[in-house]
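In what follows, a structure is listed as structure tokens, so that the remarks can point back to it.
The values are calculated or read from the model by the stated rules, or taken from the named source; none is laboratory data. The shown structure was predicted, so the numbers you read here are calculated from the model rather than taken from an experiment. Because the Cβ atoms are built from the backbone with ideal geometry, glycine has one as well, and the counts that use them run over all protein chains shown. These accessible areas exclude ligands, DNA and RNA; they are computed on the full protein's heavy atoms, side chains included. Shrake-Rupley method; radii C 1.70, N 1.55, O 1.52, S 1.80 Å.
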Amino acid sequence: MRRLPFDEAIASAALVLMTLIPLIEIALRPLHGRGIDNAPLLVQHLGLALAMFGAILAERSGHLTTLGGGLAASRSPRVQQAARIFANASGALLAGMLAAASWAFVASELAAGRELGYGLPVWAVQVLMPVGFAILAVRLGARGAGRAWVGVLTGTALAAAGFLFARHFDGSSLPLLPFVLWLLAVLLAGAPVFAALGGLALALFWSEGQPLASVPLSHYQITVNPSLPALPLFTLAGLVFARSGAAARLGALFTACFGGGPLGTVAAAAVLCSFFTAFTGGSGVTILALGGLLLPLLRDAGVPERRGISLVTSASALGVLLAPSVPLIMYAIIARVPINTMFLAGLLPALVMVAFLLVFGGYLRRGEAATVERPKADLRRALAAAWAARWEILAPLVAIGSLASGIATPTESAALTAAYAILTQAVAHRELDWALLRRCLADCAQVIGGVMVILGMALGLTNYLVDAGIPDAAVEWAQAALPSKFAFLLALNLFLFAAGALMEIYAAIVVLVPLLLPVAVSYGIDPVHFGVIFLAVMEMGFLCPPAGMNIFFASAMFAKPIREVAVSVLPALLAIFLGALVISWVPEIATWLPEVVGGG
């Protein structure tokens, strides 16, 4: 086996330890009454290592999130090249500035002398932030260089320039407008979103003459959040299921239960896509895992190809409300709502959204005659398919049951689910070998690293806005402009629809929830209900360019033009919006189940 690159090795090792330590804790507690010293803190700080080196791995693989479009998508090769050079150089400078701010934060922590356990000082893990941002700066600056040594020199020079600039002007008061104009140009040129968000946060603190260490402090706070390790662990479980034969087994089960005719196949496809997205953490993964399986089934059942592509693309966005969806956990963390409460709150709204998609999206209309005779729903065939997919069926019970029963914390529940997925696919089905597991670990690290580096920078920006009193001003403005609760809910849905089309969902959660939640609460809206509304409307963002990644995944998967896929999902957008309005105006859909199960 060839040696792993250092970024993949560190990120994968952190992910493996994040899985093993909670499992050891669960095993030791009944035997000895205690587990590993400071185990939660150790796991949380492993999340910081995963976030930084996962981001480096995502950069090496070209998967750091950008807005796309703009100058980076120009038809002129010269404009494209100039935009690429400008974006990479600017990204390197900004990452260098973030490295300097991170080092200032670590330096302030050195004197505290805190330990994680077993003699390991906290700063030894925190130092991964300036190191990680410095490596990102060098790599961004080296992009596009003809020779390796030229790229290393260029990247190092740009990283050093950004570092020295931030160190020199830390605590100084600098004008905001030039930074904002530069950052807008940087985004349009195709620089990574984390660099632009981080740069804006630095610029705002500079404009007030405040210490820059506040930005990496926010990044540190969110990466070591007690509930955050559940994100990569549930994502790892979903990727293991997606890369193995679980999709085919679940597909056989759902078609056996719903029947193979047009209506049954459509219903099975919608439910299966939603279920799969809840586990994989990304609707794009669902399209890639299930698209090749479901489209032929839909076509054979008499569903026109365009409508079948539209159904798979849009239904893959609906799992956001189902446990253990990553955005659902992310909202619970940001809004400080119990994760198990959000798990319960999302169940009925998810069913409502699927129903609205099928009925108002027009997917239940009769299509052309089926080219292949498809079997009807059959109990014996369904039981056989259920037995074949028994390990996959039990996965939600492991995830939700261990959490709801109190046996495990959210992190331990996620670790159990990840271990369950690995063991069942490797031992029971013999479909997961070391090479495939390595791919799953690397893909999970890339996804989480790319997301977390955006979240950390977005939270730094959010903290500035909160300190500046922007949420309070928003409450006053909203109550003056929108006197009724129903008017606010309609405006909220329209605003979130626009935001979902422009912002990646994780960044939207971190940036918008702290700003909008106080406004919603001022209208008497429960935070749990608001979270369900927020995620339901943001599901539309998956289907709207430029941030609507489902469109791009479906275009690549089904070899169709982006415009054709985008037009095909327009009925689904209307259906999802209507479903979100119903959920907004009938709060019991979201709050009834948590009240019944939790006793109010």
Checklist entry - Can you tell me which residue in the range 562-593 is surrounded by the fewest Cβ atoms within 10 Å (Cβ to Cβ), limited to those that are at pLDDT 85 or above and of a type in the set (Ser, Thr, Tyr)? => result THR591
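Table: residues versus (1) surrounded by fewer than 15 Cβ atoms within 10 Å (Cβ to Cβ); (2) small (Gly, Ala, Ser); (3) at pLDDT below 90.
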| position | (1), (2), (3) |
| --- | --- |
| ALA148 | yes, yes, yes |
| TRP182 | no, no, no |
| LEU187 | no, no, yes |
| ALA196 | no, yes, yes |
Item to check | Of all residues in the range 440-494 being among the hydroxyl-bearing types (Ser, Thr, Tyr) and in a helix (DSSP H, G or I), the one that is least open to solvent (accessible area, probe 1.4 Å) | outcome: THR462
Next on the checklist: Can you go through GLY238, GLY245, GLY260 and tell me which one is at pLDDT below 75 and either open to solvent by less than 20 Å² (accessible area, probe 1.4 Å) or at negative phi (or both)?
Outcome noted: GLY260
Checklist entry - When you go through (1) open to solvent by less than 60 Å² (accessible area, probe 1.4 Å); (2) modelled with pLDDT of 85 or more; (3) not aromatic (Phe, Trp, Tyr) one by one for SER74, which number turns out not to apply? => result (2)
Item to check | Check on SER218, in contact with a helix residue (DSSP H, G or I) (Cβ under 7 Å, 6 or more places away or on another chain) and open to solvent by less than 30 Å² (accessible area, probe 1.4 Å) | outcome: yes
Next on the checklist: Quick check on GLY401: is it assigned to a helix (DSSP H, G or I) and more than 29 Å from LEU263 (Cβ to Cβ)?
Outcome noted: yes
Checklist entry - Across the range 223-237, what is the number of residues that are in a helix (DSSP H, G or I) and hydroxyl-bearing (Ser, Thr, Tyr)? => result 2
Checklist outcome for this item: Residue hits (the range 432-459; within 18 Å of SER102 (Cβ to Cβ) and more than 11 Å from the chain's Cα centre (by Cα)) are VAL453, GLY456, MET457, ALA458, LEU459
Checklist entry - Out of all the residues in the range 37-59, is one or more touching a Leu at 6+ places or on another chain (Cβ under 8 Å), charged (D, E, K, R) and at pLDDT 85 or above? => result yes
Item to check | Subset of the range 506-548 that is over 18 Å from VAL326 (Cβ atoms) and part of a loop (DSSP other than H, G, I, E, B) - its residue that is modelled with the lowest pLDDT | outcome: PRO546
Checklist outcome for this item: Restricting attention to the range 33-63, the residues that are part of a helix (DSSP H, G or I) and not hydrophobic (A, V, I, L, M, F, W, C) number exactly 7
Item to check | Count of the range 83-105 residues which are open to solvent by less than 60 Å² (accessible area, probe 1.4 Å) and more than 18 Å from HIS168 (Cβ to Cβ) | outcome: 6
Checklist entry - Taking the condition at pLDDT 80 or above and acidic (Asp, Glu), does GLU392 pass? => result yes
